[in-house]
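K.L.:
Below you will find the structure I want to go over with you.
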Amino acid sequence: MTDQSALFEYLLRLGDNTLVLGHRVSEWCGHAPVLEEDIALANSALDLIGQTQMWLGLAGEVEGAGRSADDLAMLRDVWDFRNLLLVEQPNGDFGQTLMRQCLFDAFHLELLTDLTRASDDRIAAIAAKALKEVTYHLDRSSETVIGLSDGTEESHRRMQAALDLLWPYVGEMFTPDAVDNAMHAAGIAPDLTALRTRFDTRIDAILAEATLTKPDSTYAQSGGKTGFRHSEHLGHMLTQMQWLQRAYPGATW
Amino acid sequence: MTPDLPTIWHWLDEVPDPEIPVISVVDLGIVRDVAWQGDTLEVAVTPTYSGCPATSVIAMDIETALYDRGIRNVRIKTQIAPPWTTDWLSDKGRAKLADYGIAPPSPAGGPDTCPRCGGTHLTRISQFGSTPCKAHWRCDDCLEPFDYFKCI
């Protein structure tokens, strides 16, 4: 694998994570339990889609095949997506959505913090921009996870169930492969083992305050960021997200 | 005759933000640089939030305003580093925000006073508001809700 193709793959991972999660979160628009939460979810989704434009824009530039961020987002099929399995999981109830968000935000914040020191200035600049938004995302998702978990018996039960359901998707974020290693060697991506330690510190503190029990398993689902095997949910999501370009190829705004 | 840069900055200070029209794009701190490159005027603009839908409208408004002043060749350059911060809001912009009913950003993480009645008993309703750059608060003195410009 050349450095250039590893960089392209790595940028797709960054951009596909924010794209797929951004789309998932936007599915709440008009359906959230209260108006304020609806607005908060839509705003978080908007930040993530904005970050996607920057990551996939850069990916297209690095690829050099003339593909724009829109082309990459709307004209690839499911096997070409490089997002983590966690972010493509369905929204479930409001608590499950916020648990998914909190787990991703804690990872995202630590990742972006390291990427601000990347040897590639373009990546460092996007990371610095996104980090400000993601800091705010984690504030909100962690507060909400704590509030709901340490709430009523019913809300606690749902949050524990959400954590148990999503925990097997956490390991993939920290399992390095050839792309991660090449990017780490190039001074761009962080060492994922060190990142895991920081993630655990954060998440353990949040879960303790939330009165939740961290599942006693290190089993990790994999196949999202390599594109080897996505869960069945991503294809269904893309039929919605890419509907217009599939029905009317090449349509422009 | 080529207009000088202070004149151009003055013109840009008359371009309103499309979402909060009482302040200008210069007040907002998103115009980072203006420079002539030959006969083309290059304007560096930084987005407030990466997904802010007003960004493309702002670029168009700047081009239109300069075109109306007779500048034919304008290039808008998006510049994301260093990232935008509310520290770049002008003092004039902060005062106008408060007059308009939006509490200006405060490093304390929340508004100091209610922009309507000046009350100091304030409650955060939501971390997010009507645009990505605002949060939603309520004054417990006058009981009115208001927008707070998030400090980032």
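Here, each number is a calculation from the coordinates, and none is a lab measurement. It should be emphasised that the depicted structure is a prediction, and the values quoted were computed from it without experimental measurement. Here the Cβ positions follow ideal geometry from the backbone for every residue, glycine too, while neighbour counts run over all protein chains shown.
K.L.:
Per residue, how much space in cubic angstrom lies within the convex hull of the C-alpha atoms of segment B:66-105? Please report the intermediate quantities before stating the final value.
P.N.:
On the way: hull volume 4.5 nm³, N = 40.
Per-residue hull volume (Cα only) is 113 Å³.
K.L.:
Give the peptides A:120-129, A:176-185 in descending order of average Cβ contacts within 10 Å, highest first. Numbers along the way, then the final one.
P.N.:
Values: A:120-129: 19.8, A:176-185: 16.8.
Going from most to least packed, we get A:120-129, A:176-185.
K.L.:
Sum -39500 (n - 2.57) across every DSSP H segment of at least 4 residues in the protein assembly as shown, then divide by the residue count to get the 222 nm mean residue ellipticity, nearest 500.
P.N.:
Result for the protein assembly as shown: -16000 deg cm²/dmol, rounded to the nearest 500.
K.L.:
Counting alpha carbon pairs within less than 8 Å and at least 6 residues apart, what relative contact order, in whole percent, applies to segment A:95-253?
P.N.:
27 percent.
K.L.:
While we're looking at this one, here's another question. Between A:GLY57, A:ASN91, A:LEU103, whose Cα lies farthest towards the positive end of the dipole of segment A:3-247 when Lys and Arg beta carbons carry +1 and Asp and Glu beta carbons carry -1, centred on the Cα centre?
P.N.:
A:GLY57
K.L.:
Report the dimensions of segment A:126-253 along its three principal axes from the alpha-carbon atoms, largest first, rounded to Å.
P.N.:
Result for segment A:126-253: principal-axis Cα extents of 50, 39, 31 Å.
K.L.:
Can you compute the modelled spin-label distance between B:GLU144 and A:THR239, with each label point 7 Å from Cα toward Cβ, in nm?
P.N.:
The two pseudo-label positions are separated by 5.1 nm.
K.L.:
Non-local amide H neighbours of B:LEU41 (under 5 Å, H modeled in plane, Pro and chain starts lacking H): which ones?
P.N.:
B:ASN73, B:VAL74, B:ARG75
K.L.:
Sticking with this one: Suppose R0 equals 22 Å; then what is the FRET efficiency for A:LEU165 and A:ASP204 from their Cβ-Cβ distance, rounded to the nearest 0.05?
P.N.:
Once the sixth-power term is evaluated, E becomes 0.70.
K.L.:
Can you list the trypsin sites (Lys or Arg not before Pro) in segment A:210-253 that are in a DSSP coil and have 15 or fewer other beta carbons within 10 angstrom?
P.N.:
When the trypsin sites (Lys or Arg not before Pro) of segment A:210-253 are filtered for loop state and at most 15 Cβ neighbours within 10 Å, A:ARG229 remain.
K.L.:
Within 10 Å of each residue's Cβ, count the other Cβ atoms and sort A:MET241, A:MET173 from fewest upward.
P.N.:
A:MET241, A:MET173
K.L.:
Let me ask something else about it. Tell me, which cysteines of the protein assembly as shown are without a disulfide-compatible partner by the Cβ under 4.7 Å rule?
P.N.:
A:CYS29, A:CYS102, B:CYS52, B:CYS133, B:CYS151
K.L.:
Please name whichever of A:PHE228, A:LEU166, A:ILE203 sits farthest to the positive end of the charge dipole of segment A:161-253, dipole taken about the Cα centre and charges placed at Cβ: Lys and Arg +1, Asp and Glu -1.
P.N.:
Of A:PHE228, A:LEU166, A:ILE203, it is A:PHE228.
K.L.:
Where the only charges are on Cβ atoms (+1 Lys, Arg; -1 Asp, Glu), what is the dipole of the protein assembly as shown about its Cα centre, to the nearest 20 debye?
P.N.:
The dipole of the protein assembly as shown has a size of about 260 debye.
K.L.:
Only bridges with both residues in the protein assembly as shown count here: give the DSSP antiparallel percent, nearest 5. It would help to have the intermediate numbers written out before the result.
P.N.:
Working: 16 of 23 bridges.
Within the protein assembly as shown, antiparallel bridges account for around 70 percent of the total.
K.L.:
Sticking with this one: Taking each residue of B:125-134 in turn, how many C-beta atoms of other protein chains fall within 10 Å of its C-beta, and what is the average? Don't skip to the end; give the middle numbers.
P.N.:
On the way: counts 3, 9, 11, 13, 4, 2, 3, 8, 1, 2.
Partner Cβ neighbours, averaged per residue: 6.
K.L.:
Using only alpha carbon pairs under 8 Å that are at least six residues apart, calculate the relative contact order of chain B and give it in whole percent.
P.N.:
Worked out over chain B, it gives 18 percent.
K.L.:
Take the cross-link list B:LYS77/B:LYS150; A:LYS129/B:LYS96; A:LYS129/A:LYS214; A:LYS214/B:LYS150; A:LYS225/B:LYS77 and give me the ones stretching past 29 Å between alpha-carbons.
P.N.:
Beyond 29 Å between Cα atoms: A:LYS129/A:LYS214; A:LYS214/B:LYS150; A:LYS225/B:LYS77.
K.L.:
Report the extension gain between B:CYS117 and B:GLU42 in nm, rounded to one decimal, defined as 0.36 nm multiplied by the number of residues separating them, less their alpha carbon distance.
P.N.:
Details: separation 75, 0.36 × 75 = 27.00 nm, distance 4.28 nm.
Length gained between B:CYS117 and B:GLU42: 22.7 nm.
K.L.:
Mind listing the Cα extents of segment B:5-87 along all three principal axes, in Å, largest one first?
P.N.:
Here the spans come out as 31, 26, 21 Å, largest first.
K.L.:
Something else about it: Let me check the size of chain B from its C-alpha atoms; what are the radius of gyration and Dmax in Å?
P.N.:
17.0, 57
K.L.:
If you don't mind, another one. Could you state the per residue volume, in Å³, of the convex hull enclosing the Cα atoms of chain A?
P.N.:
122
K.L.:
Among B:GLN127, B:ILE102, B:CYS139, flag the residue with its Cα farthest along the positive direction of the charge dipole of segment B:101-149, charges on Cβ as +1 for Lys/Arg and -1 for Asp/Glu.
P.N.:
My answer, from the dipole projection, is B:GLN127.
K.L.:
Compute and list, largest first, the equivalent-ellipsoid semi-axes of segment A:7-111 from the alpha carbon gyration tensor, each √(5λ) rounded to a whole angstrom.
P.N.:
After diagonalising the Cα gyration tensor, the semi-axes are 26, 14, 12 Å.
K.L.:
Magnitude of the Cβ-charge dipole of segment A:130-253, K/R +1 and D/E -1, about the Cα centre, nearest 20 debye?
P.N.:
Taking the Cα centre of segment A:130-253 as origin, the dipole is about 440 debye.
K.L.:
How long are the semi-axes of the equivalent ellipsoid of segment B:101-149, defined as square roots of 5 times the Cα gyration tensor eigenvalues? Whole Å, largest first.
P.N.:
Over the Cα atoms of segment B:101-149, the semi-axes work out to 15, 11, 9 Å.
K.L.:
If you don't mind, there's one more thing I want to ask. Spin-label point model (7 Å from Cα, Cβ direction): what's the A:GLU143 to A:SER217 distance in nm?
P.N.:
Here the answer is 3.3 nm between the modelled labels.
K.L.:
Going by the alpha-carbon gyration tensor, a ≥ b ≥ c the square roots of its eigenvalues, is segment A:185-235 rounded (a/c under 1.5) or, if a/c is not under 1.5, prolate (a/b greater than b/c) versus oblate?
P.N.:
Since a/c reaches 1.5 but b/c is at least a/b, the shape of segment A:185-235 is classed as oblate.
K.L.:
Is the shape of segment A:70-208 rounded, prolate or oblate, going by the alpha carbon gyration tensor and its root eigenvalues a ≥ b ≥ c, with a/c under 1.5 for rounded and a/b larger than b/c for prolate?
P.N.:
Here segment A:70-208 falls in the prolate category.
K.L.:
Taking the 0 to 90 degree range and rounding to the nearest ten, how far is the long axis of helix A:192-209 tilted relative to the main principal axis of chain A, both from C-alpha atoms?
P.N.:
Tilt of helix A:192-209: around 30 degrees.
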